[in-house]
Structure formats: C-alpha cells, structure tokens
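What follows is one structure encoded as structure tokens, with my remarks underneath.
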Amino acid sequence: MPEQPPESLLTSTAATRDIADVAAVEVITTAAVHLMSAAAVKCGLSEDTPEGSGREYLDLDEARKLITALAALVTAAAPDLGNQHARALRDGLRSLQLAFREASPFPDAPGEGPGEKFTGPVN
C-alpha cells in the first residue's frame, strides 16, 4: 500500500493551487487593504470598545512605515490596476495621510509626511 503524503503537504499544495487562480489585481488590492487597516489602527482610528479606546493603539512611527509602504505599492501598481481600483486605493491612502497629519503633535512639513515622496504633498 503506497504511503499517504502528510496533511501539511496536501494543505500546502492546495494553497499553492488556490493562489495560482487569483488575479494579480486581487492580490495587490488585498495587500493594500491589509496595509490600510493596519495603518488606520496605528493612527488611532480603531473603534472604541468596552475594553478601551481605539487611541490606545496609536503608534505614529509604525503608522508612518505602513503608510509609506502603502504609498509605494499604490504608486507602483496604479498603472496596472486600472482607474477603478487605483482611484479607490489612492483615496484610502490620502485619507490615511491626512489622518496621520491630524494625529501628529508635530505635523510634518508639506511633502515630508508618510508616503509623500511617492504621492507628492497631501493637503
């Protein structure tokens, strides 16, 4: 009787096969949404709960890194995403850049904020 492959190998093979069926636009958009969500939390925008305020998660150093990575991804991928997808991602990015500016006790100079080297100054 032949040996059965371990379950982890079957799971890995299924995951590889599944990711092969996903369009690049969907992978890029999903990555961007994850970056946006994490950046929003780090900007202190998460929902208040009975356990505490969303501002407890404020970490502008982490938010800056996430927003800069998002700006690089959106800027680089926009030509390949098409206007409909790129516009929504740009709008979300701009909102995060403005939220960062608002949350910062010492706002960056125009053009020096997170991701602005990729997007230009945000007002």
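Data table
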| read-out | value |
| --- | --- |
| Residue in segment 103-112 that is over 12 Å from the mean Cα position of the chain (by Cα) and part of a helix (DSSP H, G or I) present | yes |
| Pairs, first within 21 Å of I67 (Cβ to Cβ) in segment 39-54, second surrounded by fewer than 10 Cβ atoms within 10 Å (Cβ to Cβ), C-beta under 8 Å, six or more apart | G54/E47 |
| Test: T29 is modelled with pLDDT of 80 or more, polar (S, T, N, Q) and under 28 Å from T68 (Cβ atoms) | yes |
| Single residue of segment 89-112 satisfying the filter (of a type outside the set (S, T, N, Q), without any contact (Cβ under 8 Å) to a residue 40 or more places away in the chain and under 21 Å from S46 (Cβ atoms)) that is surrounded by the fewest Cβ atoms within 10 Å (Cβ to Cβ) | P105 |
| Subset of segment 38-53 [surrounded by 15 or more Cβ atoms within 10 Å (Cβ to Cβ) and either of a type in the set (A, V, I, L, M, F, W, C) or over 20 Å from L93 (Cα atoms) (or both)] | A38, A39, A40, V41, C43, L45 |
| Per-region count, segment 70-88, residues buried (at least 17 other Cβ atoms within 10 Å of the Cβ) and closer than 19 Å to P114 by Cα | 7 |
| Failed criterion for E62 (all others in (1) at pLDDT 95 or above; (2) crowded, with 16+ Cβ neighbours inside 10 Å; (3) under 30 Å from A23 (Cα atoms) hold) | (2) |
| Selection within segment 30-66 - over 18 Å from P114 (Cβ atoms) and either hydrophobic (A, V, I, L, M, F, W, C) or touching an Asp or Glu at 6+ places or on another chain (Cβ under 7 Å) (or both) | G54 |
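For (1) closer than 17 Å to H34 by Cα; (2) of a type in the set (A, V, I, L, M); (3) in a loop (DSSP other than H, G, I, E, B); (4) touching a Pro at 6+ places or on another chain (Cβ under 9 Å), each residue gets a yes or a no:
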| position | (1), (2), (3), (4) |
| --- | --- |
| E62 | yes, no, no, no |
| T68 | yes, no, no, yes |
| A86 | yes, yes, no, yes |
| R90 | yes, no, no, no |
| R94 | yes, no, no, no |
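The values are calculated or read from the model by the stated rules, or taken from the named source; none is laboratory data. Worth saying up front: this structure is predicted, and the values here are computed from it rather than measured. All Cβ positions, even for glycine, are placed from backbone atoms using ideal geometry, and neighbour counts span all protein chains on display.
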